[in-house]
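Asks: Take a look at the following structure, please.
What follows is calculated from the coordinates using simple rules that are stated; it is not laboratory data. Since we're looking at a predicted model, the values are computed, not measured. Virtual Cβ from ideal backbone geometry, glycine too; neighbours counted across all protein chains shown.
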Amino acid sequence: MELLAYAAFFLTIALTYAIICLGLNVQWGQTGLFNVGIAGFVGLGAYVSAALTTPDAAERIGGFDLPIALGWLAAMAAGGGLALAVGLLTLRMRSDYLAITTFGIAVALQLVFQNTESLTGGAFGMAFIPRPFSGLQGEAFAFNGLNLALTAAVVLACYLLLEHLLRSPWGRALRAVREDEVAAQALGKNPVLLRIQAFALGGAIMALAGAVQAHFIGFIAPGNYLPMMTFQVWAMLIVGGSGNNRGAILGAVLVWAIWALSGALISEVFPADQQARAASLQIVIIGVMLCVILLWRPQGILPEVRSVSRHLGRRNKDIKP
Amino acid sequence: MNPQAIIDGLIAGSTIGLGAIGLTLTYSILRFANFTHGDFLAWGAYLTLTVAGVLGGLAAGLGAPVYPFSFGWGLPLAMFGGVALTVALTLGLDRILFGKLRARGADAIIIVMASFGASMALRSLLEFIFTAKPAYFTKALQIAKPLGLGMRATPDQLLVIGMTAVLVVVLHLLVTRSATGRAMRAVSENPSLAGVYGVNVENVIRVTWIIGAGLACIAGVMAGLLVQIRPYMGFDLLLPLFSAAILGGIGSIPGAMLGGLIIGLAEAFAVQIVGAEWRAAISFVILVLVLMLRPQGLFGQKGA
């Protein structure tokens, strides 16, 4: 029973990463936009939702005690808004300016989380974030199971929405822009506008993931949103298969499992005083894995399914790898 | 306003500028934003530290400080070794990663992503080998001497500023006057056309890595000498490096140096107003302003 409760806990965290991965898949997989500030967007969602839904606290502004669902919506609006602003600023320029700017966004947001004590609680973070089904907190299995079901429902909703969009005219235009911008332009599509839309949608989904994660754990601190997170999510999408929404979910669960297992292994094998040092090996492993996959199997485990429209079926057989 | 900020800014700016030159060269010639460049600085510092340790073991007298500086002959000697090893590191990385992706015709953005992965791996490897505890080139303390106008600087700091100036002038002459420099500019304009005209593109790429890695190592040693050596020192400099390179205009060596100095000075002055905890945000603000007002940078060409 305890093991099952832990499995549910593990899967819930993995699925919150799956939501981030789905958001990244809209930006990178479908549109080819390189976001190096994922942790910033996720953290923004977490903090916005936490500020709105926590009970009133004397030491900081915020704490409106609003319902969780409202926090989620506000997180999506904030993430989408930020992504929109970044998109408007950089998407007219060369593609790697977006990478550098998003990298800067994550650094700047990290400073805001750290330094504005009156709003974010500073380095100590924010506690008492309301958790869904908190009435059942005494029973670990029921509580974790219900939260798993809720998170899975969010993943499913995102998945169905994105799959629908993928096969819609909008999704086709997006891929056309990614594959051949000039040709898409010649057909009357506006590449900059499409990119900005995709980037904003992805940012909103990432912020939603941050809010879901924050409400499940009940506590957030700036240390949760380091560049490490960005890096993990990238590894997840690239391993799973960029461009494939099922691959994004699979990659999230798989890489999170590798991460958790190697972490457990390190705490078994190494003495306590060497563990922080050994933990850096975990990052080396994931970094090397990312590079190796980019070199040898850039399409990931589940390659992108080439589709033109759902009426025409799969197109993979026509395309040489 | 405290005039000491000018000295502080020039010193920080020297490190940022030297790092940004390497970044802007790889950016314009290899055509990708290299996220590992910050880690080259950190690796350069640690490799130099290792070589200095070995040298100190061979000849103990090398560690004794040479007046008026805080370090002995061992450090400049070790820096040659550090530069050679950092160059070997980047050439090795190019051979097993970037070169392979280039040969496959991968998109620039895939190479950027690979550099992002490699940067995480390199940085964590440093942390694993040397632990997160800061290291120092020298334990000697130096007293800042007054320079007039209320400014003070240690001999080490003045040496860093002087050395940066010499390096930038030499490099500028190399790129503007020599055949190699002409080949580099040709490749940054158009690699395939340069290849057709008989420029050895592979050679140019190698020279670019050598210059970038050498300067990164020197900048890392400077930062290590004046502040401290940490595995994350390069990562923390990455945003200032990018901001300086973009502010100066991608591909421009004087631009990158000037950009670095501007960022360094802006940080030093802004820290007095908003507090040191916001230091890292200054280069981000400058980056956003440049992208909004003059995306091609100070010395960049339109449409870049």
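Asks: Using only the Cα atoms of segment A:146-218, build the gyration tensor, take square roots of its eigenvalues as a ≥ b ≥ c, and label the shape rounded, prolate or oblate: rounded if a/c is under 1.5, else prolate if a/b is larger than b/c, else oblate. Spell out each step's value before the answer.
Replies: Working: a/c = 5.04, a/b = 2.47, b/c = 2.04.
It comes out prolate by the Cα gyration axes.
Asks: May I ask for the distance between the Cα centers of segment A:225-254 and segment B:191-263, given as a whole number of Å?
Replies: If you average the Cα positions of each part, the centres end up 30 Å apart.
Asks: Oh, and also: List the trypsin sites (Lys or Arg not before Pro) within segment B:132-208 that fall in a DSSP loop (any state other than H, G, I, E or B) and whose Cβ has at most 10 other Cβ atoms within 10 Å. Write out the running numbers ahead of the final one.
Replies: Numbers: sites: B:LYS139, B:ARG152, B:ARG177, B:ARG182, B:ARG185, B:ARG206; in loops: B:LYS139.
Of the trypsin sites (Lys or Arg not before Pro), the ones in loops of segment B:132-208 whose Cβ has at most 10 other Cβ atoms within 10 Å are B:LYS139.
Asks: If you line up the long axis of helix A:169-179 against the longest principal axis of chain A, both from Cα atoms, how many degrees apart are they, to the nearest 10?
Replies: With both axes taken from Cα atoms, the answer is about 80 degrees.
Asks: Here's another thing I want to ask about it. Which is farthest toward the positive dipole end of chain A among A:ILE266, A:GLY23, A:ILE13, measuring Cα position about the Cα centre, with Cβ charges +1 (Lys, Arg) and -1 (Asp, Glu)?
Replies: Farthest towards the positive end: A:GLY23.
Asks: What average count of beta carbons from other chains do you get within 10 Å of the Cβ of residues in B:3-16? Intermediate values should be presented prior to the final figure.
Replies: Numbers: counts 0, 0, 0, 0, 0, 0, 0, 0, 0, 0, 0, 0, 0, 0.
So the per-residue partner count for this stretch is 0.
Asks: To the nearest 20 debye, what charge dipole does segment A:166-321 have about its Cα centre, counting +1 at the Cβ of each Lys and Arg and -1 at the Cβ of each Asp and Glu? Can you show the working numbers first?
Replies: Working: 15 positive and 7 negative charges, 175 e Å.
With only Lys, Arg, Asp and Glu charged at Cβ, the dipole is about 840 debye.
Asks: Quick check on packing: order B:5-18, A:136-149, B:35-48 by the mean number of other C-beta atoms within 10 Å, highest mean leading.
Replies: Highest mean packing first, the order is B:35-48, B:5-18, A:136-149.
Asks: How high is the relative contact order of segment B:4-293? Use alpha-carbon pairs under 8 Å, at least six apart in sequence, and give a whole percent.
Replies: 40
Asks: What aspartates and glutamates sit close enough to B:LYS133 to cross-link, taking a C-alpha to C-alpha distance under 17 Å and skipping anything fewer than 8 places away on the same chain?
Replies: Those aspartates and glutamates meeting the cut-off are A:ASP273, B:ASP39, B:ASP236.
Asks: On to the next question. Hey, fewest Cβ within 10 Å first, where do A:LEU254, B:LEU30 land in order?
Replies: Numbers: A:LEU254 17, B:LEU30 23.
The order, fewest Cβ neighbours first, is A:LEU254, B:LEU30.
Asks: I would also like to ask the following. Straight-line reach from A:LYS189: which aspartates and glutamates have a Cα under 17 Å away, not including same-chain ones fewer than 8 places off?
Replies: A:GLU179, A:ASP180, A:GLU181
Asks: Separation between the B:TYR136 and A:ARG172 pseudo-spin-labels, each 7 Å from Cα along Cα→Cβ, expressed in nm?
Replies: Taking the simple label geometry, B:TYR136 and A:ARG172 are separated by 6.8 nm.
Asks: Sticking with this structure for a sec: From other protein chains only, count the Cβ atoms within 10 Å of every residue's Cβ in A:293-303, then give the mean.
Replies: Numbers: counts 2, 11, 8, 1, 0, 7, 0, 0, 0, 0, 0.
Whole-number average of other-chain Cβ neighbours for A:293-303 is 3.
Asks: Where the centroid of each part is defined by its Cα atoms, how far is segment A:262-302 from segment A:154-189 in Å?
Replies: Going from one Cα centre to the other spans 34 Å.
Asks: Would you mind ranking A:CYS158, A:CYS21, B:CYS217 by Cβ crowding within 10 Å, fewest neighbours first?
Replies: On the way: A:CYS158 23, A:CYS21 37, B:CYS217 32.
Result, fewest neighbours first: A:CYS158, B:CYS217, A:CYS21.
Asks: Turning to a different aspect of this structure: Using only the alpha carbon atoms of segment B:222-277, find the Kirkwood hydrodynamic radius as the inverse mean reciprocal pair distance, in angstroms to one decimal. Please report the intermediate quantities before stating the final value.
Replies: Values: mean 1/r = 0.0818 Å⁻¹.
Taking the inverse mean of 1/r over all distinct Cα pairs, segment B:222-277 comes out at 12.2 Å.
Asks: Then there is this: Could you give the nm distance between label points at B:SER192 and A:PHE270, where each point is 7 Å from its Cα heading toward the beta carbon?
Replies: Computed distance between label sites B:SER192 and A:PHE270 equals 4.8 nm.
Asks: Relative to the longest principal Cα axis of chain B, at what angle does helix B:179-189 sit, 0 to 90 degrees, rounded to 10?
Replies: So the helix axis and the longest Cα principal axis differ by about 60 degrees.
Asks: Using Cα pairs under 8 angstrom and six or more residues apart, how large is the relative contact order of chain A, in percent? The partial results should precede the final answer.
Replies: Numbers: 541 pairs, mean separation 95.9, N = 321.
Taking the mean separation of contacting Cα pairs over the length of chain A, I get 30 percent.
Asks: Okay, moving on. Under the Kirkwood approximation for Rh and a Cα-based Rg, what ratio Rg/Rh is obtained for segment B:31-178?
Replies: Numbers: Rg = 18.9 Å, Rh = 18.1 Å.
Rounded to two decimals, Rg/Rh equals 1.05.
Asks: Roughly what % of Cα-Cα distances in the protein assembly as shown sit above 37 Å, to the whole percent? If you can, show how the numbers build up before the last one.
Replies: On the way: 72278 of 195000 pairs.
In whole percent, the long-distance tail amounts to 37.
Asks: Ok, one more. Given a 10 angstrom Cα cut-off, can you work out which residue in B:ALA270, B:ALA84, B:ALA59 is the most mobile in a GNM of chain B?
Replies: Top of the fluctuation ranking is B:ALA59.
Asks: Is there a quick way to get the dipole size of the protein assembly as shown? I mean about its Cα centre, with the Cβ of Lys and Arg at +1 and of Asp and Glu at -1; what is the value in debye to the nearest 20?
Replies: On the way: 37 positive and 26 negative charges, 379 e Å.
Around 1820 debye, computed over the protein assembly as shown.
Asks: Using a 10 Å cut-off on Cβ to Cβ distances, tally the other chain neighbours for every residue of B:280-290 and report the average as a whole number. Don't skip to the answer; put the middle values down first.
Replies: Values: counts 6, 8, 1, 3, 10, 2, 1, 7, 8, 0, 1.
Average neighbour count from other chains, rounded to a whole number: 4.
Asks: Now, a different point. What Kirkwood hydrodynamic radius, in Å, does chain B give when the mean of 1/r is taken over all pairs of distinct Cα atoms and then inverted? Numbers along the way, then the final one.
Replies: On the way: mean 1/r = 0.0507 Å⁻¹.
Result for chain B stands at 19.7 Å.
Asks: Roughly how big is segment A:2-224's charge dipole about its Cα centre, with Cβ charges of +1 (Lys, Arg) and -1 (Asp, Glu), in debye to the nearest 20?
Replies: 720
Asks: Putting +1 on Lys and Arg Cβ atoms and -1 on Asp and Glu Cβ atoms, find which of B:GLY38, B:GLY148, B:MET184 reaches farthest to the positive end of the dipole of segment B:4-293.
Replies: B:MET184
Asks: Please give every one of the aspartates and glutamates within straight-line cross-link reach of B:LYS100, meaning a C-alpha to C-alpha distance under 17 Å, and leave out same-chain neighbours fewer than 8 residues apart.
Replies: Straight-distance partners of B:LYS100: B:GLU202.
Asks: Still on this structure, I have one more. Select from A:MET76, A:GLN110, A:GLY122 the residue farthest towards the positive end of the dipole of segment A:49-206; place +1 on Cβ of Lys and Arg, -1 on Cβ of Asp and Glu, and compute about the Cα centre.
Replies: Checking the options against the dipole of segment A:49-206, the answer is A:MET76.
Asks: Net charge near B:LEU141, counting Lys/Arg +1 and Asp/Glu -1 over other residues with Cβ under 15 Å of its Cβ?
Replies: Working: positive: B:LYS139, B:LYS145, B:ARG152; negative: B:ASP156.
With Lys, Arg at +1 and Asp, Glu at -1, the net is +2.
Asks: Taking only Cα atoms, what is the 0 to 90° angle, nearest 10, from helix B:155-177's long axis to the longest principal axis of chain B?
Replies: The two axes meet at around 20 degrees.
Asks: While we're looking at this one, here's another question. May I ask you to sort A:TYR17, A:TYR97 by Cβ crowding, counting other Cβ atoms within 10 Å and putting the fewest first?
Replies: A:TYR97, A:TYR17
Asks: Going by a ≥ b ≥ c, the root eigenvalues of the Cα gyration tensor, does segment A:2-224 fall in the rounded group (a/c under 1.5), the prolate group (a/b larger than b/c) or the oblate group? Working shown, then result.
Replies: Values: a/c = 2.52, a/b = 1.54, b/c = 1.64.
Because a/c hits 1.5 or more and a/b fails to exceed b/c, segment A:2-224 counts as oblate.
Asks: Okay, moving on. Return the long-range amide H neighbours of B:SER70 (sequence gap of 5 or more, or a different chain), with a cut-off of under 5 Å between placed amide H atoms.
Replies: When sequence neighbours closer than 5 places are left aside, the close amide H contacts are B:ASP156.
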